[in-house]
Amino acid sequence: MEHTTNTRVIFADAMDEAKEKYLALDLETEDPKAVLECYKVSELDDFDLNEDFNFVGEISVSPEVMNTIRQDPGRAYVLYYIENI
């Protein structure tokens, strides 16, 4: 069964930089073939900074995550793993 894990907001100037910073966190996964998903929130058509909840890829981000994103929305990336366990 697929599920998402290790969701983080990373501030970066490019997607590659965001992925590099996320991978540097050295987060553990149970699935050795976990897939890393990365989304720049400012490029998502249906993302609304004024809302408390938003969908980013396969997940819904909470008000706490939205508050983090609002700190620098132009540089905010949401990253997480999709694991199959």
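The values are calculated or read from the model by the stated rules, or taken from the named source; none is laboratory data. Given the structure is predicted, the values throughout are model-derived calculations rather than measurements. Please note: Cβ atoms are built from the backbone with ideal geometry, for glycine as well, and neighbour counts cover all protein chains shown. Ligands, DNA and RNA are excluded from the accessible area calculation, which covers all protein heavy atoms including side chains. Shrake-Rupley method; radii C 1.70, N 1.55, O 1.52, S 1.80 Å.
Computed values, structure above
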| item | result |
| --- | --- |
| Index of the failed condition, Glu51 passing every other in (1) assigned to a strand (DSSP E or B); (2) in contact (Cβ under 8 Å) with a residue 12 or more places away in the chain | (1) |
| Every pair of residues 6+ apart whose Cβ atoms lie under 6 Å, when the first sits in segment 1-23 and is among the acidic types (Asp, Glu) while the second is loosely packed, with under 14 Cβ neighbours inside 10 Å and outside any helix (DSSP H, G or I) | Glu2/Asn84 |
| Residue list for segment 63-78, restricted to those being among the polar types (S, T, N, Q), touching a residue at least 12 places away in the same chain (Cβ under 8 Å) and in a helix (DSSP H, G or I) | Thr68 |
| Hits in segment 26-67 - residues which are surrounded by fewer than 16 Cβ atoms within 10 Å (Cβ to Cβ) and of a type in the set (Val, Ile, Thr) | Thr29, Val35 |
| Given (1) open to solvent by 70 Å² or more (accessible area, probe 1.4 Å); (2) in a loop (DSSP other than H, G, I, E, B), index of the condition Lys21 fails | (2) |
| Subset of segment 4-14 [open to solvent by 70 Å² or more (accessible area, probe 1.4 Å) and in contact with a Phe, Trp or Tyr (Cβ under 9 Å, 6 or more places away or on another chain)] | Arg8 |
| Identity of the residue in segment 1-18, in a strand (DSSP E or B) and not hydrophobic (A, V, I, L, M, F, W, C), that ends up farthest from Ser62 (Cα to Cα) | Glu2 |
